[in-house]
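Notes follow once the structure below has been shown.
The values are calculated or read from the model by the stated rules, or taken from the named source; none is laboratory data. This structure is a prediction, so every number in the text was calculated from the model and none was measured. Cβ placement follows ideal geometry from the backbone for every residue including glycine, while neighbour counts extend to all protein chains displayed.
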Amino acid sequence: MAILDKLKDGVQRELEGLEFVIGWEQGYDPLHASPLFIRTPGDIDRLIWNPLCVHNLASYLPSLKGRRVGILLKGCDSRSVIQLLQEGLIKREEIVIFGIPCRGVVDLSKIKSRIDTSQMRAVSLMDDAVVIEIPQGREEIPLDDVLATKCLSCQYPTPLIYDHLAGEVLPPQRPTEVLYKEVEVIEELDVQDRLAHWERELDRCIRCYACRNACPLCVCQDYCAAESRNPRWLSQRAGVSEKVMWHIMHALHLAGRCTDCGECERACPMDIPIQRIRRKINKEIKELFGYEAGVNPEDTPPLYTFKVEEPTIQEREW
Amino acid sequence: MRIGVFVCHCGTNIDGTVDSHQVAEEAKKFPHVVYATDYLYTCSEPGQQEIQQAVGEHDLDGVVVAACSPRMHENTFRRTIERAGLNRYMFEMANIREHCSWIGEDREANTHKAIELVRMAVAKVANHVHLHPSYFEVNKRVLVIGAGVAGMQAALDCADGGLDVVLVEKKSSIGGRMAQLDKTFPTVDCSICILGPKMVDVGQHEKIKLCTYSEIEDISGYVGNYTVNIRRKATYVDWGKCTGCGLCMEKCPSKKAYDYHNEGIADTTAINISFPQAIPKKATIDPEYCRQFTKGKCGVCAKVCPLGAIDYEMEDEIVAEEVGAIIVATGYGLLNMEELGEYGAGRYPDVITGIQYERFLNASGPTQGHVVRPSDGEEPKRVVFISCAGSRDASLDRPYCSNFCCMYIAKQAILTRDHIPDSEVYVFYMDTRSPSKGYEEFIRRAQEEYGVQYVRGRVSRIYPKGKRMVVRGADTLLGTQVEVETDLVVLATAATCAPEAEELAEKLRISYDEYGFYMESHPKLRPVETNTSGVFLAGACQGPKDIPAAVGQGSAAASKVLSLFSKDQLESDPQIAQVMELRCVGCLKCADTCPFQAIEEKELPDGRVVGHVIETVCQGCGLCTSICPSGAIQLQQCTDNQLIAEVEALCQAWRERSSG
């Protein structure tokens, strides 16, 4: 049975005990998928599964605490759920997880940088290619060329937590060493150049907070410290210093929690490479605490606990 | 807001490298400042009067004093402005002494920095709000950790003052180091004869609850309300039944157990009572040597015990005690002499430590007070003492003086000449330190009446020659090398912190120095207090000290507890964290992070869950405020906005400077 059929079958069986199940449906054009809330068996037919299903649906879960819902998760998305469980922001018994072994999703901006999609007529998805029909003819793009950056170093193609798995467990197939490649390039720069680099990148920020709103772990949302008067961390001035400050704030609030799902960068309308900032912090956390967020529900995020002695940081001889 | 700024010269402490007058003049230009002045000693009575007067005359509602560290005088000035009718928390201190004048000598740069520090303090006060303390009950019980002479004295003084005392001791008997000693200097009276009555007093005092063979598992709470979990280690003997008859010791077939009381110079039985005067006089099984534990069968003690007190199944027990204050008197340890390779310590049986020699001299020791050589049991005719074995030695990273060695060497030298009249005694020393009453006379007596030969110089090497040892060293007074052939060498090994002192300090949340000795709150003026409210120090855990000093500190710590407990209620500091419930998203990361478990979950009438700070438990450390993503939890008088205002003030200063 194909993955989609298995998913539909599973949702069909579980739907009765749930308020709804969150999945994906075809979006407003052939290249876009949209989140789908399946409330009745009649909605199930609209469910789709393909490399366009990019959204991390876990972002909905914190606001649904206290309600019984089902959710479709890719491997990377499942880490967000584990992290939310670790932090007590959702309850395991309230959610039913339909896991999907995933070979990667596309980064639409990579497609758009290759061809003009404004006139496209149809899109068909093959195993290893995306075929787009445009007035000039038929464009076939190898899938590997347009996969999201996170997929190129994916170590968790199969969800780490699930109630139903649609398909077989998929072992990791991507090299780990590329994970921090972009970070390392920036680390090479001296302090002045690094600041200049980030001021240049972040100056594009329009402080729309799409990165925050898309983030599954930004649980404050409407109470975000960036938009509060008391405490008043940021002014309304549209200068680069305020923009940098916002991104520092966002990065620090995610230190030791970010699961590298990349939703921040995907949601950014200004193509700011936000995920690089996240990865830098993730790298530091891993080096300092030997910790990777969202892998084991029993873990405690290293910055959200108090220990007199950190086991990974040798401060004393004993 | 109307703020007054008072800049202190502190004599020349500040004014020597900071232009205090100019600081006051500049302060007049800052927003909200309506009055600024400088004064020679702001903390003096006229200095304080000037503040009080200015508050009235200029209708001030906030005050900044630029002077020393708030640790010195913050409370002084808070009381000053309170007398003038202001809320005592409408106050901020700019530390322009420790943080400024004492650091650099460049007067212009220092003045500049002082102005900026004042500017930040003004910006902070402008965001201050009135705070009011609340009050909480005090549990008037005290925990004393360690039942050596310092801890016993503290326990007795507290108990005599009417307090309930829980006295916890790691060993099976109280008494500590002093119970191991033969005689005490400079009076040469029998140690256990003077300690014994005190031990009996402790054992029989109805206000003292003894927990021997016990250790501190963990501590939570705060001054006035600590909860202490005590691990009562398994003795494998029901102490409710044991009468200390000693029959088990006579019959125990395992006779090679390490004898801690005798410092390993003899063996003891696996089941033992550590010494005849032990309190409580109860037997304990050492499972490391007991055949029932090592071989799985024996059971002799269980058979011979007339009261059936033996219980091989016994397990450690955790007992919780609620107390209001804690006195730490955990004493000291001794340097493992094997670290002193050049002295052959540990390799040659006839090189021993001072405390081992003490057990040879002691009538209740394994040799009944006859001094013998460990190698062949013969009486030594010549004994060499070496002082500073590991102390005052930068190469061993132990530069401090162990305090009591000079005196006990003199005592042991005198006793040696007493026990073996035809013996010769040498002492190699760096300096002799004898500053207390009767001490110098005592050393002179050793030299002049007892003919002890003092050689000033360090020993470079000790090596065996036939049945004897050769001590080679320098005589720095004669400027020659000396070699002394001897029967026995006694090392005055360095006093160290007690074993596991650091772990206990972490549980108590008190500071310790790089050698593991506990830090007093002020080296001169608060010698038995710690920086954790309600925790006090007594004895050698704070640094090596002799018996009179340890006893004095025990009494001092007790008097601190008694004065703390003289009030029924204590004032809580209102400078603590507070949750803005409207902003709280209920993620409770604050609760997970709080080192004091001061934050609990609270459900609002609308069902929303938020964090809630337990006022008396919060210590105001601010960890929660740095972790709260929405900024909903704020430390009073140190809010995000106040810190931002300070940073803004500093940036403003920089902007003004760079624009000329």
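Surrounded by 13 or more Cβ atoms within 10 Å (Cβ to Cβ) and either among the polar types (S, T, N, Q) or closer than 27 Å to B:G344 by Cα (or both), is that true of B:R445?
It is false that B:R445 is surrounded by 13 or more Cβ atoms within 10 Å (Cβ to Cβ) and either among the polar types (S, T, N, Q) or closer than 27 Å to B:G344 by Cα (or both).
If you scan the stretch B:385-427, which residues turn out to be in contact with a Lys or Arg (Cβ under 7 Å, 6 or more places away or on another chain) and closer than 15 Å to B:V455 by Cβ?
B:C406, B:E424, B:V425
Got a sec? Which helices (runs of 4 or more DSSP H) wholly within the stretch A:201-318 have at least 3 residues that are within 14 Å of chain B (Cβ to nearest Cβ) and out of contact with any Lys or Arg (no Cβ under 6 Å at 6 or more places or on another chain)?
Qualifying helices (runs of 4 or more DSSP H): A:240-253.
Counting only residues that are in a loop (DSSP other than H, G, I, E, B), in contact (Cβ under 8 Å) with a residue 12 or more places away in the chain and of a type in the set (S, T, Y), how many does the stretch B:19-47 have?
So the count comes out to 2.
With surrounded by 24 or more Cβ atoms within 10 Å (Cβ to Cβ) and either among the hydrophobic types (A, V, I, L, M, F, W, C) or in the same structural domain as B:E169 (by TED's automatic domain parsing) (or both) as the only criterion, which of B:A549, B:A492, B:A556 stands out?
Within the list B:A549, B:A492, B:A556, the selection yields B:A492.
Looking only at the stretch B:336-349, which residues are surrounded by fewer than 22 Cβ atoms within 10 Å (Cβ to Cβ) and either part of a loop (DSSP other than H, G, I, E, B) or among the acidic types (D, E) (or both)?
Passing the criteria: B:N336, B:E338, B:E339, B:E342, B:G344, B:G346, B:R347, B:P349.
Specify which of the listed residues (B:I327, B:I386, B:I409, B:I355) is out of contact with any strand residue (DSSP E or B) (no Cβ under 6 Å at 6 or more places or on another chain) and not in a loop (DSSP other than H, G, I, E, B).
Of B:I327, B:I386, B:I409, B:I355, the one residue that is out of contact with any strand residue (DSSP E or B) (no Cβ under 6 Å at 6 or more places or on another chain) and not in a loop (DSSP other than H, G, I, E, B) is B:I355.
Which residues, counting only those in the stretch B:264-297, are modelled with pLDDT of 95 or more, over 30 Å from B:L143 (Cβ atoms) and assigned to a loop (DSSP other than H, G, I, E, B)?
B:T269, B:A270, B:Y289, B:C290
Just wondering, is there one or more residues in the stretch A:76-94 that are among the small types (G, A, S), under 30 Å from B:I627 (Cβ atoms) and touching a helix residue (DSSP H, G or I) at 6+ places or on another chain (Cβ under 7 Å)?
yes
Scan B:K198, B:K241 and give me the residue that is in contact (Cβ under 8 Å) with a residue 12 or more places away in the chain and either in contact with a His (Cβ under 7 Å, 6 or more places away or on another chain) or assigned to a loop (DSSP other than H, G, I, E, B) (or both).
B:K241
What's the total number of residues in the stretch B:528-553 that are touching a Leu at 6+ places or on another chain (Cβ under 8 Å) and not hydroxyl-bearing (S, T, Y)?
5
Between residues in the stretch B:497-511 that are away from chain A (no Cβ under 11 Å) and within 14 Å of B:A540 (Cα to Cα) and residues that are of a type in the set (G, A, S) and surrounded by 20 or more Cβ atoms within 10 Å (Cβ to Cβ), which pairs lie under 7 Å by C-beta distance while being six or more apart or on different chains?
B:C497/B:G516; B:A498/B:G331
May I ask you to list the residues in the stretch B:559-572 that are touching a residue at least 40 places away in the same chain (Cβ under 8 Å) and either surrounded by fewer than 18 Cβ atoms within 10 Å (Cβ to Cβ) or part of a strand (DSSP E or B) (or both)?
The answer is B:S559, B:K567, B:D568, B:Q569, B:L570, B:E571, B:S572.
Hey, can you tell me all the residues within the stretch B:405-436 that are among the basic types (K, R) and without any contact (Cβ under 8 Å) to a residue 40 or more places away in the chain?
Answer for the stretch B:405-436, where residues must be among the basic types (K, R) and without any contact (Cβ under 8 Å) to a residue 40 or more places away in the chain: B:R417, B:R433.
Of the conditions (1) out of contact with any Lys or Arg (no Cβ under 8 Å at 6 or more places or on another chain); (2) part of a helix (DSSP H, G or I); (3) surrounded by 12 or more Cβ atoms within 10 Å (Cβ to Cβ), A:Y162 clears all except one; give me its number.
The number of the failed condition is (2).
Need pairs with beta-carbon distance below 7 Å; first residue assigned by TED's automatic domain parsing to the domain that holds A:D5 and within the stretch A:38-52, second basic (K, R) and modelled with pLDDT of 95 or more; sequence gap 6+ or separate chains.
Sorted first by the residue in the stretch A:38-52, then by its partner, the pairs are A:I44/A:K8; A:L47/A:K8.
Taking the stretch B:619-651 as the search range and keeping residues that are touching a His at 6+ places or on another chain (Cβ under 8 Å) and within 12 Å of chain A (Cβ to nearest Cβ), which one is nearest to B:S533 (Cα to Cα)?
Looking at the filtered set, the residue picked out is B:Q642.
Matching residues to (1) buried (at least 21 other Cβ atoms within 10 Å of the Cβ); (2) among the charged types (D, E, K, R); (3) touching a His at 6+ places or on another chain (Cβ under 8 Å):
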{"position": "B:S173", "(1), (2), (3)": "yes, no, no"}
{"position": "B:G176", "(1), (2), (3)": "yes, no, no"}
{"position": "B:D182", "(1), (2), (3)": "yes, yes, no"}
{"position": "B:N225", "(1), (2), (3)": "no, no, no"}
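Can B:E50 be described as among the charged types (D, E, K, R), outside any loop (DSSP other than H, G, I, E, B) and surrounded by fewer than 21 Cβ atoms within 10 Å (Cβ to Cβ)?
yes
Please work out which residue is surrounded by the most Cβ atoms within 10 Å (Cβ to Cβ), limiting yourself to the stretch B:619-628 and to residues that are out of contact with any Asp or Glu (no Cβ under 7 Å at 6 or more places or on another chain) and assigned to a loop (DSSP other than H, G, I, E, B).
The selected residue is B:C628.
Determine which member of the set B:D592, B:D606 is among the charged types (D, E, K, R) and farther than 25 Å from A:Q86 by Cβ.
B:D606
Suppose the filter is without any contact (Cβ under 8 Å) to a residue 60 or more places away in the chain and in a helix (DSSP H, G or I); does B:E116 pass it?
Judged against the criteria, B:E116 is not a match.
Exactly one of (1) of a type in the set (S, T, N, Q); (2) over 17 Å from the mean Cα position of the chain (by Cα); (3) surrounded by 19 or more Cβ atoms within 10 Å (Cβ to Cβ) is unmet by A:Q275. Its number?
Failing condition for A:Q275: (2).
Looking at (1) touching an Asp or Glu at 6+ places or on another chain (Cβ under 8 Å); (2) surrounded by 13 or more Cβ atoms within 10 Å (Cβ to Cβ); (3) more than 20 Å from B:C406 (Cα to Cα), which one does B:K465 not meet, given that it meets all the others?
Result: B:K465 fails condition (2) only.
Conditions first: (1) at positive phi; (2) in the same structural domain as B:K198 (by TED's automatic domain parsing). B:G586 passes all but one, so which condition is the exception?
(2)
Of all residues being within 27 Å of the chain's Cα centre (by Cα) and surrounded by 16 or more Cβ atoms within 10 Å (Cβ to Cβ) in the stretch B:594-618, which is nearest to the other protein chains (Cβ to nearest Cβ)? Just the residue, please.
B:C594
Out of the residues in the stretch A:119-134 that are in contact with a helix residue (DSSP H, G or I) (Cβ under 9 Å, 6 or more places away or on another chain) and in a loop (DSSP other than H, G, I, E, B), which is surrounded by the fewest Cβ atoms within 10 Å (Cβ to Cβ)?
Looking at the filtered set, the residue picked out is A:D127.
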